[in-house]
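Structure first, commentary second.
The values are calculated or read from the model by the stated rules, or taken from the named source; none is laboratory data. Just so we're clear, the structure is a prediction, and the values are computed from it rather than from any experiment. Heads up, the Cβs are rebuilt from the backbone with ideal geometry, glycines too, and the neighbour counts pull from every protein chain shown. Accessible surface is based on the protein model in full, side chains and every heavy atom, while ligands, DNA and RNA are left aside. Shrake-Rupley method; radii C 1.70, N 1.55, O 1.52, S 1.80 Å.
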Amino acid sequence: MKSTNKNFLYNVLYQVFVFIIPLISTPYISRVLGVNNVGIYSYTYSIVYYFMLAAMLGINNYGAREIAKVSSDKRKMSKKFFSIYFLQLFCSSIMLIAFILFSLVMNYENKNILYIQIIFLISCVFDINWFFFGLEKFKITISRNLIIKILSLIAIFIFVKTSNDLWIYTLIMSGSTLISQIYLWIFVGKEIQYEKVTTKEVFSHLPQCLILFIPVIAYSIYRIMDKTMIGALANTVELGNYESAEKIINIPISFITALGTVMMPHMAKAKQENFKENINSTFYLCSFFIIPMVVGLLFISKDFTRLFFGEEYTKTAAIIVFLLPTLLCSAMTNVIRSNFLIPKSEDKIYVASTIWGAAINLILNLIFISRYGAYGACIGTVAAEFTVMFYQIWKTRKSIEYFSMIKNIFPIIAKSIVMGGVIFIVSLVVENMVTRLVLQIILAVLTYFVLNENYIIYDFLGKTRKQK
């Protein structure tokens, strides 16, 4: 797994940088724009995001899988690339027209922000991350994000100065995404050659893309529609608190996503006899990162929220704690999806599980958001994630040995609890909030590293053990 772990580290950086720049700028943006403007941004983005999903049409998972299968043959790979990309181009163009028409007829007081968000949709035209993921070339995406995201961070601090600068912030965020997608095209010519494709070949991908598009849409219901419904059924202040909590929750999720993105093309090419070993090691690696993060956030969320977001975000800490179970569910379902369902083309299980999750989430959101605001959305999200996990486990129980997988992570749970004990002790003896939080984070990382030194050095990083 050494090479896979290396790709995992690359893709962790890719996923983290997607979130790390907004995370660094969040304390500044939260105070300059205010909780209401943060809610407006979140609400308008959630609207354009639906069109972005339709523009990509499940191509991110499908394209990476198909490219991985033919990566050893340049001609076949080139033909596959162009046929899939032309389908993406067609869908993106249709969605651009649809969004423009929707924006013109929609009755919304912050239309100027909604218009700027269209740049996110334009970026879908150029999004070919799936191609490089299929080739397992993650380093290219890192260099792109590193440069462009840092520049966007600098631009935020220079140009966003008051609560009236929401449009500038939106322009920077959407514009940097567009530039980062265009940047990848510089490297495409080195990997492929132009191959003419027919209309029939282009649309031959449509059925499978539509199948993988269903779970993408369903997933968006309990990850994105929450925000749309909070904005519609509650208010933008509630949404601002929920959006801020999700910024923190998305950091651990970025690790889960990174591992899944790496393992999916790897497992698509893996031999049958390697499946059990790969699934077990992937689940262990995922648990190794996620469980201590859950424990850490449980203890530090209150202090972290006050320091990071400001006193205005009163509900954010409680929302973070409420959403922590979703991290454990997401870790399990990501392993199942990326290591078994998609590589094995078990798309029906994947589709059905997300439909069940979306249905549960939608029903609970309608019941609870109007009553409890952001807390109501948490109820729906946790229930949806658990439903998806339970369904996938039940349907794959004969193919995956879950008992042995869970048994193997007991040491991780025990060591994470020890780490949590260290954090708790610091909270009792240190009064100053800033000092307390810094010490908790440093001592938690050191404690967890010491307890897992052998695994990190010899198993994860692949250093050769000395012979006695």
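Matching residues to (1) more than 28 Å from Ser244 (Cα to Cα); (2) among the charged types (D, E, K, R); (3) buried (at least 17 other Cβ atoms within 10 Å of the Cβ):
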{"position": "Thr44", "(1), (2), (3)": "no, no, yes"}
{"position": "Val48", "(1), (2), (3)": "no, no, yes"}
{"position": "Leu87", "(1), (2), (3)": "yes, no, yes"}
{"position": "Val105", "(1), (2), (3)": "yes, no, no"}
{"position": "Ile113", "(1), (2), (3)": "no, no, yes"}
{"position": "Phe120", "(1), (2), (3)": "no, no, yes"}
{"position": "Val125", "(1), (2), (3)": "yes, no, yes"}
What residue, of Ile156, Ile214, Ile186, is in a helix (DSSP H, G or I) and at pLDDT 90 or above?
Ile156
So for segment 423-439 (the condition being closer than 30 Å to Met229 by Cβ, in a helix (DSSP H, G or I) and open to solvent by less than 70 Å² (accessible area, probe 1.4 Å)), does at least one residue qualify?
no
Single match in Lys196, Lys149 (criterion: more than 24 Å from Val70 (Cβ to Cβ) and out of contact with any Pro (no Cβ under 8 Å at 6 or more places or on another chain))
Lys149
Might you check whether a residue that is under 27 Å from the mean Cα position of the chain (by Cα), hydroxyl-bearing (Ser, Thr, Tyr), surrounded by 15 or more Cβ atoms within 10 Å (Cβ to Cβ) and part of a helix (DSSP H, G or I) occurs anywhere in segment 448-463?
yes
Provide a single number: the residues in segment 188-213 that are closer than 22 Å to Pro343 by Cβ and buried (at least 18 other Cβ atoms within 10 Å of the Cβ).
4
